[in-house]
Each structure stands twice: as structure tokens, then as C-alpha cells.
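The values are calculated or read from the model by the stated rules, or taken from the named source; none is laboratory data. Because the structure is a prediction, the values reported are computed rather than measured. Glycine also receives a Cβ, built like all others from the backbone with ideal geometry; neighbour counts cover every protein chain displayed. All accessible areas refer to the heavy atoms of the entire protein, side chains included, with ligands and DNA or RNA removed. Shrake-Rupley method; radii C 1.70, N 1.55, O 1.52, S 1.80 Å.
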Amino acid sequence: MKKFLKRFIPARIRRCLVAPCILPAGYRSRLDRYEEMALGHFENGPDVAIAQLRLCAHVLDKGLCRSDWEPGHSRALYEQGRCLLNRLAQDPAGEPDELKWARDIFEEYERREAGAVSPASTGAAPAPDAALAPEAVARLIRTRSSVRHFQERPVSPRVLEDIVAAAIQAPSSCNRQTLRVYASLDPARVHDVLACFSGFTGFSPYVPCALVFCADLRPYYFPNEIFIPTLDTGLAIENALLMATAHGLSATPLTWGSRRSGDEERLRALLDVPKHMDIVAGAACGYPHQPAVPPVRKTVAATLVLR
């Protein structure tokens, strides 16, 4: 029945048949895009192949760390990853770090297959530098706040790079790393970009930086992973907000869920965001005019359920 419906009935009509039309237009357009992804209507480029390679290497690495690993474990995934690596790698001596990382895992897999003795984990790394005290981390987290009035002080590209570097370090499903951050430091463009978010109200006339957090949908498997792009991007956003705080900035998140008609087309045109990039959220970023009074948070007792 599902195959019949897909073949002969348009997606918009199918959804009317199987569920009430209660979603806003923005969400329906997102579902249309997800369906296009599932049907393979978007062309995959080298960046998608690299994301798929990271997935293969990540899953193989997890398997190699298991105490019950045996030869032949995840063989099909190894073959897929090896094929991708051979296609992407030109000169092993000069290949990017992420390809070297994947190559190390595949070579470890091959040594295991050949019966060679090896460490328990292919991802063993040197001991990290002394970690921050938990109190310092907690203080940074508590310091983070959202403000709407900014100093007339620009954000430097170097600071912006630090914010994005922190976002990249966030975990992502199967290490696919599909995050893309579109940004502007031009005040006029910043205003036009942020005006596409319905929550951009009550801000000072000058906002020095706009951030738009997106996920490349192409490496995901639809419909099973329909919520994973948003989850991956949300994890990255929190890292970005904390790094902004560490630099003395405030990055105020702006939801994309309540967008109005035409907002998506305007935003994609302003920042040249391709259709395979799913817009998840935005942020207005700058040096706060004055510190914000943070809202009172729920207690741990009202949040933690320990069984």
C-alpha cells in the first residue's frame, strides 16, 4: 500500500489522507524537503562522501574497541568505507587529517583481520591537559545569558572562528559532522538576516554578528533519522554559545520554528544557503551593553529522576 501511495499520489495529498493538516506551512515545507532527500533528489558531492566515510570509520572504531570483537565484524561497513577512502584519497602523504584518521582505523581493522595483536582501542590518545575545575565550567555555564542590547563594537573574524571551532567539537550522530554555520559581520546584512527570524524583536539598532546554524541533510537516512539533524545541530549550538560567553559576548538564540511566509526564501537568498541545508536556528551575537539578569532555574531536585 505504501508503495502504491508513493507512486500515484502526491506527497501533499498523502499527508492529508493519513494525518490531519495541523502543521504550519514552514513545517510542511520541511517535510517536503525531507521526502525529497529520502527519494534521492539531491546530488551528493565530495563533502557527503566524507561524512559517510566518517560514519563508517566511527562505527568500525566502536567495534574494534569491543572486548567481543571477532574477524568479520562489520565487514560490509569496512568495505564501504574502504571504497570511499580509495575514491577520496589521492596522495596518502598529503591527505587531510580526517582521511588519515579513517585510514588508521581501516588499517587497524585489517591488522585485526590478519590476526595481529593490537591495542584495545584504535582511538587511544595522549592524556589530556589538566581539565578545568568543575566550578569554573559551572560558572561559565551560569554566566551565559541572552541579551538584546549590544555595544557598538564589532566582533572580530578571529573570535567568530573560535565560536565555530567550539561548535565543531560537539558530538554528532555517527560522527557525521553535518554542521554548517552561515554568518555575517556586516551590520546591514546582519539586520536583514536576523529580521527573517520572528523572534528578532526588541533588539538594539546595532547588532554586530548574525549566526545561522544549519545541518546538511544529505548524509542522513530518511525517514528514520528525521529528528537527528536538529539534535546534532542543537548540540553544536550550545558549544557555540558557551565559547561566545568565554569571549565576553552574548549570543541570543532565535528559533526557526515560528517563521513567517517568505522568511526562508529571504534568508536562503541573503546567505546563499542551498536547499539541502536544513536551517535549524539563528543567533544574534555581540558584546552586551549591560549584563542580563539570568532567570531563576529549576532545581536539580525538580529535574533529576534517579531510580
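Of all the criteria given as (1) open to solvent by 20 Å² or more (accessible area, probe 1.4 Å); (2) touching a Ser or Thr at 6+ places or on another chain (Cβ under 8 Å); (3) among the hydrophobic types (A, V, I, L, M, F, W, C), the one not satisfied by Leu304 is (2).
With Ser67, Ser121 as the choices, which residue is in a loop (DSSP other than H, G, I, E, B), more than 30 Å from Glu238 (Cβ to Cβ) and modelled with pLDDT under 90? Testing whether each residue is in a loop (DSSP other than H, G, I, E, B), more than 30 Å from Glu238 (Cβ to Cβ) and modelled with pLDDT under 90 leaves just Ser67. Residues in segment 258-273 that are part of a loop (DSSP other than H, G, I, E, B) and out of contact with any strand residue (DSSP E or B) (no Cβ under 9 Å at 6 or more places or on another chain): 4 in all.
Scan segment 171-185 for residues that are on the phi > 0 side of the Ramachandran plot and either open to solvent by less than 50 Å² (accessible area, probe 1.4 Å) or touching a His at 6+ places or on another chain (Cβ under 8 Å) (or both) and the total you get is 2. Residue count for segment 186-225 satisfying the condition of being farther than 17 Å from Arg148 by Cα, touching a helix residue (DSSP H, G or I) at 6+ places or on another chain (Cβ under 7 Å), open to solvent by 40 Å² or more (accessible area, probe 1.4 Å) and part of a loop (DSSP other than H, G, I, E, B): 1. Across segment 74-94, the qualifying residues are those that are touching a Lys or Arg at 6+ places or on another chain (Cβ under 8 Å) and at pLDDT below 90, and the one among them that is most open to solvent (accessible area, probe 1.4 Å) is Pro92. Across segment 124-165, the number of residues qualifying as open to solvent by 90 Å² or more (accessible area, probe 1.4 Å), at pLDDT 90 or above and among the hydrophobic types (A, V, I, L, M, F, W, C) comes to 0. Of the residues making up segment 231-267, those that are under 20 Å from the mean Cα position of the chain (by Cα), more than 23 Å from Val147 (Cβ to Cβ) and either at pLDDT below 95 or open to solvent by less than 30 Å² (accessible area, probe 1.4 Å) (or both) number 2. Looking only at residues in segment 35-64 that are at pLDDT 90 or above and charged (D, E, K, R), the one that is farthest from Leu85 (Cα to Cα) is Lys62. The lone criterion from (1) surrounded by 11 or more Cβ atoms within 10 Å (Cβ to Cβ); (2) part of a helix (DSSP H, G or I); (3) modelled with pLDDT under 85 left unmet by Lys3 is number (1). Screening Arg103 with (1) within 25 Å of the chain's Cα centre (by Cα); (2) of a type in the set (D, E, K, R); (3) modelled with pLDDT under 90 gives one miss only, at (3).
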